[in-house]
Amino acid sequence: MRLIGQGRRIKFAKYSPLMLLMLPGLAYLLINNYSPMFGMFIAFKNINFTQGIFESDWVGFKNFEYLFKTSDAYIITRNTILYNAAFIVLGTVFAIAFAILLNEIRRKLLSRFYQSVIVLPHLISFVVVGYLAYAAFSMDTGFMNKTILPMFGIDPISWYTEPKYWPYILTIVHLWKSVGFSCIVYLASIISIDTEYYEAATLDGASKWMQIRKITIPLITPVIVMLTLLGIGRIFYSDFGLFYQVPMNTGILSDTTNVIDTYVYRGLMVMGDIGMSSAAGVYQSVVGFVLVLAANWIVRKVNKENALF
Amino acid sequence: MRKKFGWVSLLAALMLVLAACGGNSSNGGSASNEGNAAGNAAGETNETAGNGGEEPYEIVYAYPTFENVPADILLVQDEINKITKAKINATVKLLPISNSAFTNQINLMLSSGEKLDMFAMLGNYSTQVSRGALYPIGDIMETNAKGTIDALGEDYYNATKVNGVSYGVPSIRDLAQDFGFVLRKDVVDKHAIDLGQVKTFDDFEKIFKVIKDNEPGMVGATSLANGSILSTYKTHDPLGNDLGVLLNNGLDELKVVNWFASEEFERIVRKLRDWYQAGYLLKDAATNPESNQAVVKSGKAAGWLSAMKPGFEAQESRNVGLEMVAVRTAPAVAKTDTVTNVTIGVAATSKNPAKTLQFLNLMYTDKEIVNLIDWGIEGKHYVKLDGRDNMIQYPDGVTGDNVGYKNYSWMHGNQFLSYVFEGDDPDVYSKMDEFNKSAAKSKALGFSFNGESVKNEIAACNAVLEQYRRVLESGAADVDKVLPEFLKKLEDAGIGKIIEEKQHQLDAWAAANGGAQ
Amino acid sequence: MALGNRGIRLLANIVLTLFAAACLIPFALLLIASLSSEASIIKNGYSFFPEEFSLKAYDYLWRHHIEIGRAYGITVLITVIGTAVSLAITSMLAYPLSRRDMPMARFWTFLVFFTLLFNGGLVPTYLVYTQLFEIKNTLFGLLVPGLLMNGFNVLLVRTFFLTSIPPALIEAASIDGAGEIKIFYRIVLPLSLPIMATIGLFQAIAYWNDWFNGLIYLTDSRLFGIQTILTKMIMDIQFLTSNSNAAGTGAGQAAAQLPSTSVRMAIAAIGVLPILIAYPFFQKYFVKGITIGAVK
């Protein structure tokens, strides 16, 4: 008995400084993330300001209906998932590839130059990117129609009225904007890998490619797994700016550019119904949550260390 | 497994605690709301009985702006407060909020109980009513704002009533609209275009042809930024949301139809398609992000289709920077939407609606207040023109860029009481008054649709409109292929249900109001 | 395919040069657009060789230099303070989570992770911040909501600590008598410069680019940051014209007075500049060769 009690006290004493360290962060999470969660009940109410949000009527799942009842429901869900899946896979592959390549650059100045430049696109807001895309794809004056296509003898395409090109356009724009950023994360990981590993491998006669496969990738796997799991958790969320601003909010492209977030925004812009937009948020969260739990469970089966929790 | 269960339940417990805390403060909040409602009812009779040395009540008035908060706003506010303290024992806090953030901000302020007494609305009056965002001022209008009713006139005041009670007052400005085409005067003169020949929508192509033949690089008409060529040129009464309308601006019968399935709509989009293919319209009409004024100014288009009012040409000439001339193809008509386009209301969460309404009343009856809000302080932000009592200009050294205070006279109350800025027609307001009084009135003027019961269908239909409308109205789509798709999707989204509901409400309203005028 | 050292370096240079070009060219276009005349943009679209050059956009900025300068200053201030505090809190939270011997580490980690999936929504968040903490129209409104720390960064740092700080090192230090906190900032932090620089960069960019907090928590435009001003300008036109009811009124006239395209491009350009300048500062820490071995 006494041993256990003492053990507990010792444990507490030993770890209390660490708990102290966690305090500010946890306090922030409590204020910023957890306390507003009570507000999820708004999704189940029909908000009337005269009654106030706490006294408004409960309407069960009625606010969720508009997300499922329409013929668009399938399209927006499909688009959201497919785009995110492509983004996760392609984004990871490209980011790692670039990080590895960057790591090989010997000249420091050149390396720093590349690093600065590839982050540039991330700094430009999507509103501006939309305008720049317009500069490329405008029917009348766009770069593609006026310069590039004639070079290959192709007739001008009305980009903004043909949905079929946009999955490619949006994916490329997304990669362009985000690869530089995630590349930096992987680069930081790669840099921390002990050079002794590489030196030993070179002495053993391993080729560069082999070194990458056997040393680099396995050692950054925890980061890859973590980022991928996070990506899966957000699979029902989309980058609003990408899907709304870049196609210049052109309705006719909806079949390939409409995702859950833009659908909610467009439908509710005029109505401004708080309950309905909250319902959309809850829907996205719940799905993402379930998916992440599933994915994490799978990862744990494969390699316990890499699972998030 | 047990371990996992352990901390999941810990998490759940944590959240329950938080919810309980949230619940407690909410109980406190709603209790105080009820208390206030009761206190208000009692307070009303007290307030009107005189000041009696009470603390002046602060009224927070939020309105949308396209600019930054004016540098001298506090100075102007002080001047306003001198008058309001004396007249109604209240002070005013002007709260200009950026237009793009306005609806969000109002929603947030109303949800969280932040102090808000009155606010202006641009086009979403009926939505705010159905959200319960507005106080039913109709109940206390006679005692607090009789002057406002007089200034508006019965017809236009009644246009704001929902279920027999008014929830807001439209600003007094151009309450009706006529429609036509506005274009550069120099182009008209250069090619001797006879505007007298242009009497209908189809006649526009006479103008377009001349421009196409003689002005390379310039098209006939531009579309509105992020909108279509028809964004403001409407020949039907939209009854709030364009989903279920009355044809011919509501001047005929009270039958709600699907505008997009009508013959007229098909005719119009086919015409637009012809014009697009003939090169009379912008190639980028479906995506154009530039304002129509900028497009015309750059020489890319000659003009645009628009809703108009007295003084429209002068206004647009100023905006474009070139002299503009207009030809009208449809006579003036007033519909509920043209009236409630710009409306001021009292917030449902206001702690003293009666006092707030009294200030609102001042904005419709007190010339000094109106001009302080609209223009600022005399001598500092404007000076009167020699010998003209109601015309003003900037003082020496002050320009549109550096003036310390700016506002919109068409938003705040009674524009007819406001000064006329140099360059505008000195009689523009009396002309507007005439215009309002003589305009034809839609038979549905005064009807506001409550979409609560079909809000899912409305959301779905709006999504369909977003997808198809702009491209169809830009002429860039193949009508034979796209129009049927569009109509089918609307059907699937439930437009039939909306129309049924609207007709139902319209009939009930007509019966209650003694039939159509 | 045996890639020698030289081979892979050549490949690296080619690929990266191409990508770098793809990143630079649109930005160059942005700059040139801000120097083009409004008319030539509308008539001919955005072009590298505009019909007409014009400094009007920058003239407009200069005329409003008080407003723009102030917004700039605010954004810089918020970014610096926010990034510093954020780095501190994030690493302080991530470190204990990375310790395998930490009791209930899995629970706390899940707690952090959960915040990335569930969001209470704008209304309750606004309620909490404005009613409980009253940060409306204060600089805290720009600093705290949503940006000060996020689970993503915490988990990233935690993963880094887990994989790069050997427990043996920590044990050795504690046997030597060092307290937990000392271990943290004497040993762990110095070894973590790459990830600190990474997160620092992320946060700096997040703060610098944020326009949302400004729009929601500020009505006093004197406290706006530079991105809020830009986004507001562009959204004002978009919002108005998608609400055609309002467009038919004097509001349409007001919108006509909004700054032109080239001005918006100019603002976008000056909005990106400081980050470009600050970036090399962070780069110093991406130094290859900070290894555990060296420390040993």
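For region B:208-290, the relative contact order is 34 percent, taking Cα pairs closer than 8 Å that sit 6 or more residues apart in sequence and dividing their mean separation by the residue count. Normalised Debye scattering of region A:50-165 at q = 0.15 Å⁻¹ gives log10 I(q)/I(0) of -1.05, counting only Cα atoms as equal scatterers and leaving out solvent. Shielding by partners for peptide B:169-175, expressed as the average number of C-beta atoms from other protein chains within 10 Å of each residue's C-beta, is 1.
Gain on full extension, evaluated as 0.36 nm per residue between B:His191 and B:Asn158 minus their Cα-Cα distance, stands at 7.2 nm.
Between C:Arg222 and A:Lys214, the modelled label-to-label distance comes to 6.8 nm, taking each label 7 Å out from Cα in the direction of the beta carbon.
Per residue of chain C, what 222 nm ellipticity follows from adding -39500 (n - 2.57) for every DSSP H run with n ≥ 4, rounded to the nearest 500? Walk me through the numbers before you get to the answer.
Numbers: 17 runs with 207 residues, N = 296.
So the helix-based figure for chain C works out to -22000 deg cm²/dmol.
Among beta bridges identified by DSSP and lying wholly in chain B, the antiparallel ones come to about 55 percent. Kirkwood's formula applied to the C-alpha pairs of region A:212-292 gives a hydrodynamic radius of 14.9 angstrom.
Roughly how tilted is helix C:105-117, in degrees to the nearest 10 and between 0 and 90, from the longest Cα axis of chain C? Taking Cα atoms only, the helix is inclined about 10 degrees. Pairs with C-alpha atoms separated by more than 22 Å, drawn from the list B:Lys206/B:Lys431; B:Lys234/B:Lys309; A:Lys214/A:Lys304, are B:Lys206/B:Lys431. Using the Kirkwood radius over C-alpha pairs as Rh, can you work out the diffusion coefficient of region A:70-306 via Stokes-Einstein at 20 °C, viscosity 1.002 mPa s, in µm² per second? For the chosen part, D equals 105 µm²/s.
Once you have a ≥ b ≥ c as the square roots of the Cα gyration tensor eigenvalues for the protein assembly as shown, tell me rounded if a/c is under 1.5, and otherwise prolate or oblate according to whether a/b is larger than b/c. Because a/c hits 1.5 or more and a/b exceeds b/c, the protein assembly as shown counts as prolate.
Given the rule -39500 (n - 2.57) for each run of at least 4 DSSP H residues, summed and divided by the residues of chain B, what is its mean residue ellipticity at 222 nm, to the nearest 500 deg cm²/dmol?
On the way: 19 runs with 238 residues, N = 517.
Dividing the helical sum by the residues of chain B leaves -14500 deg cm²/dmol.
Rounded to the nearest 5, what % of DSSP beta bridges with both residues in the protein assembly as shown are antiparallel? Roughly 60 percent of the DSSP beta bridges within the protein assembly as shown come out antiparallel.
Taking the average, over residues, of other Cβ atoms within 10 Å as the packing measure, peptides B:434-441, B:100-107 rank B:100-107, B:434-441 from highest down.
For the segment C:96-103, counting C-beta atoms of other chains within 10 Å of every residue's C-beta and taking the mean gives 4.
Result for chain C in a Gaussian network model with C-alpha springs under 10 Å: among C:Met102, C:Met149, C:Met265, the largest mean-square fluctuation is at C:Met102. Please work out whether region C:1-121 counts as rounded, prolate or oblate from its C-alpha gyration tensor, where a ≥ b ≥ c are the square roots of the eigenvalues and a/c under 1.5 means rounded, while otherwise a/b larger than b/c means prolate and anything else oblate? Oblate.
Along its three principal directions, the equivalent ellipsoid of chain B from the Cα gyration tensor extends over semi-axes of 40, 33, 24 Å, largest first. Sorting A:292-304, B:388-400, B:234-246, B:487-499 by their mean Cβ neighbour count within 10 Å, with the most densely packed peptide first, gives B:234-246, B:487-499, A:292-304, B:388-400.
Using helices alone, what [θ] at 222 nm do you get for chain A, with -39,500 (n - 2.57) per DSSP H run of 4 or more residues, divided over all residues and rounded to the nearest 500? Walk me through the intermediate numbers first.
On the way: 13 runs with 200 residues, N = 309.
Calculated at 222 nm, the ellipticity per residue is -21500 deg cm²/dmol.
Taken along the Cα-to-beta-carbon direction at a fixed 7 Å, the label points for A:Ala86 and A:Ala200 span 4.3 nm.
For region B:52-137, the calculated P(r), taken from all Cα-Cα distances in 10 Å bins from zero up to the bin holding the longest distance, is 15, 43, 32, 10, 0 percent.
Taking the charge dipole of chain B about its Cα centre, with +1 at Lys and Arg Cβ atoms and -1 at Asp and Glu Cβ atoms, the residue from B:Tyr405, B:Leu74, B:Val295 reaching farthest to the positive side is B:Val295. Per the Debye calculation on region B:97-153 with a single equal scatterer at every Cα and no solvent contribution, log₁₀ I(q)/I(0) for q = 0.22, 0.23, 0.24 Å⁻¹ amounts to -0.98, -1.03, -1.07.
Sorting the segments A:79-87, C:152-160 by their residues' average number of neighbouring beta-carbon atoms within 10 angstrom, most packed first, yields C:152-160, A:79-87.
Determine the shielding of peptide B:462-473 by partner chains: average, over its residues, the number of Cβ atoms on other chains within 10 angstrom of each Cβ.
Values: counts 6, 14, 7, 3, 14, 9, 3, 2, 5, 6, 2, 0.
Mean partner shielding for this stretch: 6.
Between B:Lys384 and B:Lys146, the FRET efficiency estimated from the beta carbon spacing at R0 = 22 angstrom works out to 0.15. With each label modelled as a point 7 angstrom along the Cα→C-beta vector, the A:Thr147-A:Ala97 pair spans 2.5 nm. Taking a ≥ b ≥ c as the square roots of the eigenvalues of the alpha carbon gyration tensor, chain C is oblate, as a/c is not under 1.5 and a/b does not beat b/c.
Any read-out appearing in this document is the output of simple, stated calculations on the displayed coordinates, not a laboratory observation. Please read these numbers as outputs of a predicted model, since none were measured by experiment. Neighbour counts run over all protein chains shown; Cβ positions are idealised from the backbone, glycine included.
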